[in-house]
Amino acid sequence: MNTLRFLRAIPIKALTGMLALLLCASSAVWAQNDARRQTVAITYPLDQAVTVRFQGTTRLPRISGEAKVRRTGRRGTRVEMELKNLPRALELGGIYTTYVLWAISPEGRADNLGEIKRSGSFIVNSKVDVTTPLQTFAMMVTAEPHFLVRGPSRMVVLENLPPRDPGSADVATVNVQYLGNTSDYFNDSRVPEVADRDYVKTPVSLLGARQAVNLARYAGAERDASAELTEAVTQLEQAENAWRLRQSEEEVDALARRATSLGARAEETAEARLAARKRRDEIARRDVAVREAEETVASSATQIADLRAALEREQRAREIADRDASSSNQQLRDLRSEVARLRDELQTVRAESDNARIKLARIEGERSAEQARLAAEQRATKQRAALATLKQTLARFGTVRETERGLVVVLPETLWAGARLAELSPKSAATVDPLAALLANYPDFQIVIESHTDGRGDQTELQNLTQNRAEALAARLASSGLDNARLQANGMGAQSPVAPNTTVSGRTRNRRTELTLIPVPTTESSATGAANEN
């Protein structure tokens with residue numbers, strides 16, 4: 001509700017400008033995502049519920065979600081999913097209208113599990129309850145032109161994570177690689193990169209119907225599926241009229257979804273007929289090639305006869321040449337003697353050339369080793385300068401000290417909601433989010449999170465408390481943009497006190513959270529080893 005009040009208070013022109021900037025940023029991310037994506041597929045056990053968490057991609061990092069997955073039979077796996085902080089799809093570009101949940105098998109098969117519906121507010125929570133015949137699959141959410149697409153786009157906004165606590169279920173995971181929709185329609189200059197203001201007012205189902213008709217036209221339906229396209233266009237006009245006449249949302253949605261279905265069928269029909277026409281053209285080209293081959297065979301028979309006549313003439317010429325060869329034997333012996341002399345000279349020249357090549361290679365190896373050493377020294381100098389700058393900046397967030405492992409930042413106890421709670425306090429965002437943004441700019445450091453507490457209480461409970469705190473802070477840093485692969489969360493319990501636990505101040509000092517920034521070593525040693533090999 002606070003978000004809605006904030007948006008209503010912003011003028012339309014300012015809101016449009018904000019939306020344009022957001023979409024331009026998402027377009028830049030899209031341009032960098034032409035490679036195959038990789039995620040984790042999960043093999044779900046029979047008749048056991050498994051909770052799977054989802055994490056937003058760099059396009060929409062604040063989206064989160066959770067799904068309860070239960071395989072109830074050999075051909076049915078039920079997925080109950082709930083998403084949070086889901087914006088409208090049009091914010092990712094004028095081509096997108098809705099979101100679709102996909103199941104991806106390890107072989108790359110994509111199963112459209114259905115559309116993720118949401119209301120017209122700016123950011124809402126959405127739920128979906130679907131079933132897939134797959135048993136081992138990864139799940140992801142993509143922004144799509146309409147809900148009946150047959151393959152996922154490259155606009156992936158959410159992916160599942162490996163289950164952290166599957167309970168008693170025996171869950172197996174496997175990596176899955178997949179490549180999104182590479183249709184040229186997504187790069188067509190006629191498709192607007194930024195959604196206009198009318199998109200915000202228009203129902204999602206009607207926007208999807210328009211895209212379904214546009215995709216059918218792009219696939220060549222005007223030529224190969226004109227009847228199906230006409231039917232889809234007529235249905236779309238009925239939905240547009242219903243929207244203009246302010247009919248009920250249910251009536252508009254039903255008409256628009258019917259138009260989407262007809263548009264998708266027209267697109268599929270056009271693609272099938274285009275493929276059939278190409279096959280017919282290929283068969284025609286093969287027939288022409290066969291006829292040309294037959295003509296070539298006939299021509300070859302004539303050429304064989306000519307070659308036989310030429311062969312006879314050549315045999316007569318060879319008899320004459322044999323007679324001349326006897327008189328050339330002496331010349332041949334002289335030439336062989338000259339060749340032997342030249343061969344000896346050639347071997348001498350080759351030996352000298354090999355020695356020169358070996359010497360040049362040794363010089364080049366020494367030069368490469370020196371260049372590698374200088375580069376390693378420069379990187380080490382830059383890393384030391386970055387470490388000094390980072391140390392000064394980190395002082396804003398807590399006490400900073402330098403150890404043999406690296407920089408250690410002691411965060412204040414006010415991060416947590418209570419002395420024995422593992423939940424971050426509401427005020428912690430003012431510390432954690434800027435800290436995550438700062439650390440993201442220093443990718444040459446691994447980050448070890450170590451949570452400590454005082455010695456009052458059961459040691460097992462204290463160990464669990466510090467482990468939960470470390471993992472909660474790591475999850476918050478990752479959701480704020482920090483690469484999860486750089487994070488390591490360790491609960492230290494009460495094993496490493498820095499003050500006696502017999503006083504209140506001592507226990508307060510012992511309840512602390514430390515972030516250790518460990519520099520990634522340079523490659524100077526590998527460069528030295530390469531020089532020694534040369």
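Coordinate-derived values only; no laboratory data. Computed from a predicted model, the values in this text were never measured in an experiment. Methodologically, a virtual Cβ is constructed for each residue, glycine included, from the backbone with ideal geometry; neighbour enumeration extends over all protein chains shown.
Before moving on, here are some points about what is shown:
- More than 18 Å apart - percent of Cα-Cα pairs taken over segment 208-352: 77 percent
- Difference of contour (0.36 nm per residue) and Cα-Cα distance, E370 to S300: 18.6 nm
- Take every Cα pair under 8 Å whose residues are at least 6 apart in sequence, average their separation, divide by the length of segment 335-469, and the relative contact order is 12 percent.
- You can think of it this way: the chain between N501 and E237 has 87.4 nm of extra reach, that is 0.36 nm per residue less the Cα-Cα gap.
- Taken over the alpha carbons of segment 386-519 as equal point scatterers, the Debye sum produces base-10 log I(q)/I(0) values at 0.14 Å⁻¹ of -0.59.
- About the Cα centre, charge dipole magnitude for segment 202-327 (Lys/Arg +1, Asp/Glu -1 at Cβ), debye: 60 debye
- Checking every one of the GluC sites (Glu not before Pro) in segment 359-426 against DSSP loop status and a limit of 11 other Cβ atoms within 10 Å picks out E404.
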